[in-house]
Every structure is written in structure tokens, then in C-alpha cells.
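See below for the structure under consideration.
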């Protein structure tokens with residue numbers, strides 16, 4: 001047995017949530033039901049946590065990998081050659 005729930009929300013919030021749910025193969029009803037179930041079971045408290053952005057960009061990360069690769073080559077060279 002189910003019951004119908006009516007909520008008020010901003011249209012853009014609904015649209016964005018619906019798109020995200022669909023991208024994950026879910027319906028908005030499934031997402032809301034999962035939230036209500038876990039919340040009512042006390043598995044989590046409702047708080048906001050800021051999603052942290054990484055301090056490093058992909059460009060810097062890939063550049064770092066190149067630097068490490070070059071340093072390893074230099075280290076191998078130096079270990080085989082007396083200076």
C-alpha cells in the first residue's frame with residue numbers, strides 16, 4: 001500500500017533533480033522515497049555539507065605526472081652513471 005505525497009518545490013530544483021535521477025537510472029519518486037526511508041530510520045540527520053572543490057586542476061595533475069616521470073628517468077640515469 002502506498003500513499004500520495006504532495007510537496008512544493010522550485011521548478012528548477014525539480015527539473016535538475018529529475019535530470020540527475022534519470023542520469024543515474026532512477027525516478028524522482030525513488031530518490032525521494034529513499035531519502036524519506038533513510039531519514040525516518042535515523043540513518044542520517046539532515047545537514048548541509050559544502051562539497052569541496054579540489055585544490056588542483058586536471059592540467060596541474062597531468063603536468064605533475066609528467067614531472068614525476070621525468071624525475072624518475074633522471075634518477076635512473078644518475079644511478080647508472082658516475083658523475
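Brief remarks on what is shown
- Filtered residue count, the stretch 1-35, keeping only those that are over 20 Å from the mean Cα position of the chain (by Cα), surrounded by 11 or more Cβ atoms within 10 Å (Cβ to Cβ) and touching a residue at least 24 places away in the same chain (Cβ under 8 Å): 0
- For the stretch 54-65, the criterion of a residue being modelled with pLDDT of 80 or more and in a helix (DSSP H, G or I) is satisfied by no position.
- Qualifying residue in the stretch 40-53 (condition: under 30 Å from residue 3 (Cα atoms), part of a helix (DSSP H, G or I) and either more than 18 Å from the chain's Cα centre (by Cα) or modelled with pLDDT of 80 or more (or both)): yes
The values are calculated or read from the model by the stated rules, or taken from the named source; none is laboratory data. What you see is a predicted model; the values in this text were computed from it and never measured. Neighbour counts are summed over all protein chains in view; Cβ atoms, including those assigned to glycine, are modelled from backbone coordinates with ideal geometry.
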